[in-house]
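Report on the structure given below.
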Amino acid sequence: MQIDEYPILVEQLCPGLFIRIDEPGLSHPFPPKGFLVRTDAEVAKVLALGLSHVYCVPDKSDNLPISLEELDGMAGKRQKGPWATARTPVSAELSSLKRETIERNKDRLERFSACERRYEKAMDKVVEAIKRVSSPNAEVLEAASEVVGPMAEVFLSDLDVLINVMTAKMREESKHYHALNVAVLSMMLAKEMGLDKAEIEEVGTGSLFHDVGKGRVPIQRFSKGNMVTMSKVLKEYYMEHPKIGAKMLAAVPGFPPAAQMLVLQHHELLDGTGFPARSRGEAITIGARIAAVANVYDRFLNAKDGSALRTPHEAMKALYKRRGPLDPKAVTFFIRKLGVYPPGSLVELSNGMKGMVVSANMRDSLRPSVKVYHPDIPKREALIIDLTIETELTVVKALRQEDLASDVVQYLNPGKQVSYYVDAAPRA
């Protein structure tokens, strides 16, 4: 899963490059599987073939190709040919990237795949925990701890913490994705707001179960299937679901009281306009205020009410616009840590490449990691550009799917359901 080779202009050739010539039918004296260019004389022999480009194999090279900027300064110093005006897009883009970006791409892709596998296992535990609440026992908390515990360790580690966007296969019940999203984002926020390990785990546990009271409408409340009555009852029970959920969790042996309060208060607002108790200000626990921010953001991002889908960038803008009754410190930290372009955002970089933000870097949210589209790089080997390494590149604007060609969308594979998970990587 690494970029084994990429095309460069023949004008970028220099001694120390391992190259491969891929021109069927062309007769030449060089090994078909590639060779190391050792001298200027060998460079001249390749140039004499009249090719526009060759393939550079970075792992076997002792040098970097001549950059396009250097070529501009060498104008007229090399023999001209039909290839002189060729500009292979991948060459222009990749030749300006740091060697570290190419060399570490295999590790990034493998780490991302490992994170997706952990995410799938975590989702299994979330499903198991939520289903077990109906028959409360100690296994409910045990299943939740297997999700929350490892995430708390990551957030409190000395490693670089990344929030990744997941594109795992969708399950039938989207509430499980929402539960895990709110847990991941709430724990991130709890860490940034200075909560300790036990408190972070309580926030994560409560967030996993924050909507467990939804849909628990006794059948006797409906009257002969009348839709007006049904709509009224559903609305009433939506307003009551925090109380219902908290009551259910109170029956779970050992369930943390702070986590139970988070479930009870996650729809309360500082100005007293929330529900179910219209609590206000300091009467709302810090955990509930944290979960409220994560919950609102994920609802904006993954709306289920038939409204138009928002991109992560648009969801963040909507959160900021409607931040009024939410905890202002929590909103500020949330935006600061996920960035203006959260994971899942489709973006354009300053070098013109289109991509999708796949990881938010907790150290510098303005410099995320972006998976970029390029037609000459296979999708399975897609280049992930870490903007903390490529410091000369920046995100210049956010895009929507309709702004991109269908092949670009298929390559980047932005999911309709945006899901998040936490990962850690050793500092470089």
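Take the Cα pairs of region 121-338, get the Kirkwood Rh, then feed it into Stokes-Einstein at 10 °C and 1.306 mPa s and tell me D in µm²/s. Before the final figure, lay out the partial values.
Values: Rh = 17.8 Å.
Here the translational diffusion coefficient equals 89 µm²/s.
A crude spin-label estimate for the pair residue 142 and residue 376, with each label 7 Å from Cα along the Cβ direction, gives 5.6 nm. May I ask you to compute the full-extension gain from residue 48 to residue 116, defined as 0.36 nm times their residue separation minus their alpha-carbon distance, rounded to one decimal in nm? That works out to 19.7 nm of additional length. Among 98-105, 265-272, sorting by the average number of other beta carbon atoms lying within 10 angstrom of each residue, highest first, gives 265-272, 98-105. Here the label points at residue 28 and residue 135, each 7 Å from Cα along the C-beta direction, are separated by 6.9 nm in the simple model.
Which value results when the Cα radius of gyration for region 253-344 is divided by 2.2 N^0.38 Å?
On the way: Rg = 13.8 Å, N = 92, 2.2 N^0.38 = 12.3 Å.
Here the Cα radius of gyration is 1.13 times the empirical estimate.
Given a Förster distance of 51 angstrom, what is the FRET efficiency for residue 100 paired with residue 124, based on the Cβ-Cβ distance and rounded to 0.05? Once the sixth-power term is evaluated, E becomes 0.90. By the rule of a C-alpha distance below 18 Å, with chain neighbours fewer than 8 residues away ignored, the lysines paired with residue 45 are 33, 77, 80. Each label point was placed 7 Å from the Cα along the Cα-to-Cβ direction; for residue 235 and residue 39 their separation is 8.7 nm.
Rank-order 382-391, 274-283 by packing density, defined as the average count of other C-beta atoms within 10 Å over each peptide's residues, highest first.
Details: 382-391: 19.1, 274-283: 14.8.
Ranked from most to least packed, the peptides come out as 382-391, 274-283.
Using alpha-carbon positions, what is the distance between the centroids of region 292-343 and region 185-210, in Å? That distance is 18 Å.
Computed from the coordinates by the stated procedures, all read-outs in this text should not be read as laboratory data. Only a predicted model underlies this, so the values are computations on that prediction, with no experimental measurement involved. Neighbour counts are summed over all protein chains in view; Cβ atoms, including those assigned to glycine, are modelled from backbone coordinates with ideal geometry.
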